[in-house]
Structures are given as structure tokens and as C-alpha cells.
Amino acid sequence: MIRDLTPSQPLPRSLSPLPDEILPGYLMRLAHRAGTTVDEIAHRTGLRGPRVRNPMLLSYLHTLDETRLQALAEATRLTPAEARSLLLGPLAARYGPLDPHYTRRATPMRVINNNPWVWTTTWRYCPQCLAGDPDDAIQQLHGGAWRRHWRLPPVFSCLTHRRLLRHLCPGCHTLVATAEMIDRTDEDDLHPTQCRRRGCGTQLADPQGHAEPGLDASTRRVLDRLQRRFARLLSPSAPPTVRSTGWPIPAAQYFMDLRTVTALTLLSWPAARPLCATPLLAQVLDAEAAWRHREYERLLHGAKKHSSQAFLRPAVDALAGAAAWDVADRLLRLNEAQSHEALTPLTETAASRATALASYLRHLPGSSLPLQLALTPRAPRGPGRRWQANALDERDRWRTQTAAGPVAIA
Ligand SMILES: [Zn+2]
Ligand SMILES: [Zn+2]
């Protein structure tokens, strides 16, 4: 182990980050290359103190203050921009759930903590990507990248290897997850792509990518198309706006709308069942919605509140998540009149089952105004009328502002 250097001195050997690599994955590869522990690397890069048990904060996944960013860059011989590219914060420009503006969470800590639309301690993965490039000696030694985009629930498949992301370890058959940013940081003999659950240690990387669940050809086509669409929305080079219920909104906010309509779809299931693209996706959603309703009842009658989370949490299973998002995406891609008509049976069924929750979902913080209007009856009563009048005015002002803007993704 390297004990005698202060945190700001460069490491004797560093590593170039891989494309889309996330900070904890990079730290594990650095530790493996140096033959030391993640704790040692975290201390040397200024991410944790030297003595007391002081784990790296989960908020570091999102943002590092300038002092820490500088220390990390200096120790690893990266530029500050390269160091920043290991974080989730820069993805907020295209992914609303990471953006304090849409989440009403003031700090990176609050954006990350208890935010179900970011996998902070869940490590979904493509086993073939983790195996690394066969022509790259460094990757063959230390593994491929744990990718930043795998932490975004709407990234459910690998388009390179045409497979769904895994969430279970094939050895211990439990969720690949950590209690902290990285677990077992005091051990120096773990490979970066091993399961870190105690007593397991299964190698998660698999160059052959065995055991992909059987998907029929039409389901695979639907999911590929959906994943390509989400990838385009998340791309920094794509147009800044996209249509939601017929209206241009910021691409980042589209994922807030997707979250709302997914929750509504599950709460009102099977109202949206005719929109399922294939029989398999409909069956998957039958099971998922049934589970969500049981979970809702459990939370409703339990000591813990937040029963709405039974519908608002994204599915960790890639197929179940994608099945719900495909329906929600189909609804959001309709024009204003069509979406209002298609969403009405969902809002009515939801209101008949859980009035307060349906009303909460209609005006969920972060949802676009066009979606909130599409979820509102055409002639609301009481205070809803004033809200609707103001919302229509605001939507018209937004239309005027964006009329001369760039062409949106349809
Ligand atoms: Zn892959
Ligand atoms: Zn395991």
C-alpha cells in the first residue's frame, strides 16, 4: 500500500477515464491498477479523510465542489473537465430528474438522496460492456467502464450489444447494489467488475453475454426503438426541445413527464393496456401493475408514508420498466387533442381508485404545463378553473418564446 504521500500529490500511475465512465467505477479501476484499496485512492484523491471512518458522500456522484474537483484532477493527472465528466451532474441538462430546477431539490445532496429516478446505489450493467474492449490491454486487466448512463432508469438496454441491462448478480441472485457509494473499500483484492456482496464476489463481466431473457422479435424491435429514442433525447447534440402532448418542452423535462404518465399508467392499469405494442409487454405490465397495487396497499396501511412511491418508483427490472415507458411514451407523443382523449380514461380510473393520489399526479412538481393541462378536465370546477386559465396563458407565452427556436424532436 502507498502510505507516505499527501492527498494532493499525483498517483504514480493514473488511468484515462473510459467514455461515459462513472466516478466509483473509475476509483475502483484506479485502485485495482495501483494494487491498493479504494479507501487509499479516495484519500489520495481528496474524496475522503485519512483517519476516521468517513465514507465518500453519495452526492459526490452528482457534483464535486471546486476544491475536491481540483484535488481529484491533480491526483489523477486529469483536466478538471475530464474529472467532471465522471459525474452525473453534467447529464442534468438532458435529464430533468438530476436537475434541482425540476426536482425542487436545492443541493446536489438533495437531488441524489431519496431520488428514485437516479440509481445511486443500484448498479445495473451490461455484462459484455463490463468485460471491456478485447483489444485494449488496460480494459482486459481492469475491466470496462461502469457507465454513468446505467444510473438513469430510462436507460434499460445496451444498444451496442442489443441486450437488456442486468440488475441481478448471477452468483448470489440478489440485486447488484451497494450500501454506500462503493462497498468493501478497505479490501485490496477485489476486481472492479466483481459483485461486492460479502460472501459472493462473482465476476459480473461476461464477454459472451449469456442468459439474455427470451424476447420475441417484435418486442425486441419495440424496445430497441424506444431505447434509441431515449438515447437521442439524452444526447447533448440533440435539439433542446421535444414534443410532449403536442407541445415543445425542454428535452430534460420530458423525463419528468414520462415519470408522471408512467405512475398514472400503473395506478389506472389496465386502462392503457390497448396501447401495449406486443402481447409480451402487456403481460409484463399486468404482473408489474398487480405488484404495484399490492405495494401501495402495504404502504398505505403501514407506518411509513409516501405510498405514492408505489407507483412513482421506476422498475429495477429492465423489461418491466421498458414496458411501462413504452406506453407512457406513446401517450406523450400524441398531439394535444389525442393525448387529452387518451389520458382521460387513465385519470378517471385513477381518481376512482385513489382520489388524492390522482390529484397529486395531475400537478406533480416538475411535470410540464402542457402535460398538466392534458391531465385536467376540459371544464374544471372550482379553483381548477382559475388554475386552468392561468396555465393556458402561460403555455401561450412559452409557445411564443419557442416559436423561433430550433426544430424539436417529434
Ligand atoms: Zn453492452
Ligand atoms: Zn453476487
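Some points to look at:
- For SER157, the residues 5 or more places off, or on other chains, whose built amide H falls under 5 Å of its own are LEU165.
- Estimated vicinal HN-Hα couplings, Hz - region 78-87 in sequence order (Karplus 6.51, -1.76, 1.60; Gly, Pro = x): 9, 6, x, 5, 5, 5, 5, 5, 8, 9
- Within the accessible area of the chain, the carbon and sulfur atoms contribute 53%, probe 1.4 Å, all protein chains present.
- These residues, GLU187, GLU341, go from largest to smallest accessible area, 1.4 Å probe, as GLU341, GLU187.
- Under the convention that each Lys and Arg Cβ holds +1 and each Asp and Glu Cβ holds -1, the size of the dipole of region 141-200 around its Cα centre is about 480 debye.
- Within the chain: Cβ-based charge dipole about Cα centre, in debye rounded to nearest 20 (Lys, Arg +1; Asp, Glu -1): 1040
- Karplus-based coupling profile of region 23-40, in residue order and whole Hz: 3, x, x, 5, 5, 5, 5, 4, 5, 5, 5, 7, x, 10, 8, 5, 4, 4, with θ = phi - 60° in 6.51 cos²θ - 1.76 cosθ + 1.60 and x standing for Gly or Pro.
- Here the Gaussian network model covers the chain, with springs between Cα atoms less than 10 Å apart; of ALA93, ALA356, ALA320, ALA356 fluctuates the most.
- Our estimate of slack between TRP291 and SER218, defined as 0.36 nm per intervening residue step minus the Cα-Cα distance, is 23.7 nm.
- In this simple spin-label model, placing a label point 7 Å from the Cα along the Cα-to-Cβ direction at both SER14 and LYS305 gives a separation of 4.7 nm.
- Taking amide H as placed 1.01 Å from N in the peptide plane, SER244 has its amide H under 5 Å from the amide H of ILE249, each at least 5 places away in sequence or on another chain.
- Per residue accessible area of the chain, 1.4 Å probe, in Å²: 45
- Accessible surface comparison of VAL284, VAL118, probe 1.4 Å, protein chains only, largest first: the order is VAL284, VAL118.
- Highest GNM mean-square fluctuation among ASP133, ASP224, ASP189, for the chain modelled with Cα contacts below 10 Å: ASP189.
- Most mobile listed residue (LEU233, LEU266, LEU78) in the chain, GNM with C-alpha springs under 10 Å: LEU78
- Cysteines of the chain lacking any other cysteine Cβ under 4.7 Å from their own Cβ: CYS276.
- Axis of helix 66-76 versus longest Cα principal axis of the chain: the two differ by about 50°, to the nearest ten degrees.
- Cut-off under 5 Å, modelled amide H: who pairs with GLN194 long-range: LEU204
- Against the chain, whose longest principal axis comes from its Cα atoms, helix 336-353 is set at around 80 degrees.
- In terms of accessible area, using a 1.4 Å probe and ignoring ligands and nucleic acids, THR262, THR400 rank largest first as THR400, THR262.
- This model, with +1 at the C-beta of Lys and Arg and -1 at the C-beta of Asp and Glu, gives region 241-402 a dipole about its Cα centre of some 460 debye.
- Inter-centroid distance (Cα atoms) of region 327-349 relative to region 293-307, Å: 27
- Per-residue ³J(HN,Hα) for region 280-289, Karplus 6.51 cos²θ - 1.76 cosθ + 1.60, θ = phi - 60°, Hz, x for Gly and Pro: 4, 5, 5, 5, 4, 6, 4, 5, 5, 5
The values are calculated or read from the model by the stated rules, or taken from the named source; none is laboratory data. Nothing here was measured: the structure is a model prediction, and the numbers come from that model. Positions of Cβ are backbone-derived with ideal geometry, glycine not excepted, and every protein chain shown enters the neighbour counts. In case anyone asks, the SASA skips ligands and DNA or RNA and just uses the protein heavy atoms, side chains included. Shrake-Rupley method; radii C 1.70, N 1.55, O 1.52, S 1.80 Å.
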